[in-house]
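The block underneath contains the structure these notes are about, expressed in structure tokens.
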Amino acid sequence: MPLGTDTKQYETPNHPYQGERIASEHSLVDRYGLKNKEELWRAQSELRSYRREARDLLGQAQDDETVIRRSEEFLGRLKRVGILNETDELGDVLSLEIEDVLERRLQTVVYRSGLANTTQQARQFITHGHIVVDGQRHSVPSYVVDIDEEDLVAFDENSPLADELHPERAEGQ
């Protein structure tokens with residue numbers, strides 16, 4: 001499905017007014033500095049698709065070569081982006097939580113690496129073009145950072161924030 005179409009990339013909750021769900025959504029939106037619940041729902045849909053694919057693979061004959069190859073590719077993809085650990089297996093995909101997906105966003109990685117004081121500030125730095133990953137500028141906070149790219153997240157050398165004495169820099173950076 002091309003990204004330019006009008007179809008949504010996420011599913012909304014089935015019941016719009018559930019106090020407990022709304023409270024947990026607000027807490028996640030605040031903790032990860034998301035712009036709105038749509039970003040959360042997108043991550044939840046991504047997690048649902050991972051689980052769906054894992055269930056599909058687990059339901060097929062495990063001795064079939066194509067199933068083994070598809071399983072290895074699927075697990076390799078999730079391990080590369082850091083959603084799964086190297087020791088995890090296909091069944092572990094079913095126990096993933098939404099936080100596992102949200103932790104891999106560029107916005108969260110920038111905040112956790114100490115380049116920003118808050119998740120909201122991390123989002124601002126990214127959208128304003130101050131953050132590069134392996135020398136490549138990224139302006140999308142929801143960009144999924146691979147494990148091998150995590151140490152390559154830094155300020156753009158041309159950004160005023162690259163100066164360690166900049167007042168917006170996090171303490172000790």
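The values are calculated or read from the model by the stated rules, or taken from the named source; none is laboratory data. Just so you know, these numbers come straight off a predicted model, no measurement behind them. Virtual Cβ from ideal backbone geometry, glycine too; neighbours counted across all protein chains shown. To get the accessible areas, we keep the full protein, side chains included, count just its heavy atoms, and leave off ligands, DNA and RNA. Shrake-Rupley method; radii C 1.70, N 1.55, O 1.52, S 1.80 Å.
Computed quantities for the displayed model
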quantity: Ser49-Gln136 FRET efficiency (beta carbon distance; Förster radius 35 Å; 0.05 resolution); calculated: 0.85
quantity: Orientation-averaged projected area, Cα convex hull of segment 97-163 (nm²); calculated: 4.1
quantity: Neighbour cut-off at most 14 other Cβ (10 Å), DSSP loop, GluC sites (Glu not before Pro), segment 31-110; calculated: Glu86, Glu89, Glu97
quantity: Dipole magnitude of the chain about its Cα centre (Cβ charges: Lys, Arg +1; Asp, Glu -1), debye to nearest 20; calculated: 720
quantity: Over the chain, relative contact order from alpha-carbon pairs under 8 Å, at least 6 apart, %; calculated: 17
quantity: Chymotrypsin sites (Phe, Trp or Tyr not before Pro) within segment 2-57: DSSP coil, no more than 10 neighbouring Cβ in 10 Å; calculated: Tyr17
quantity: Length-normalised contact order for segment 30-128 - Cα pairs under 8 Å, 6+ apart - percent; calculated: 31
quantity: Longest DSSP-loop-exposure-free segment, trypsin sites (Lys or Arg not before Pro), the chain, at most 16 other Cβ within 10 Å; calculated: 36-173
quantity: Whole-number accessible area per residue in Å² for segment 99-173, which is evaluated in the context of all protein chains at 1.4 Å; calculated: 54
quantity: Cα Rg, Dmax, the chain, angstrom units; calculated: 18.3, 59
quantity: Accessible area of segment 1-146 belonging to carbon and sulfur atoms, whole % at 1.4 Å probe; calculated: 47
quantity: Segment 1-93 - accessible surface per residue (Å², probe 1.4 Å); calculated: 67
quantity: MRE, 222 nm, helices only [DSSP H, n ≥ 4, -39500 (n - 2.57), over the chain, to nearest 500]; calculated: -13000 deg cm²/dmol
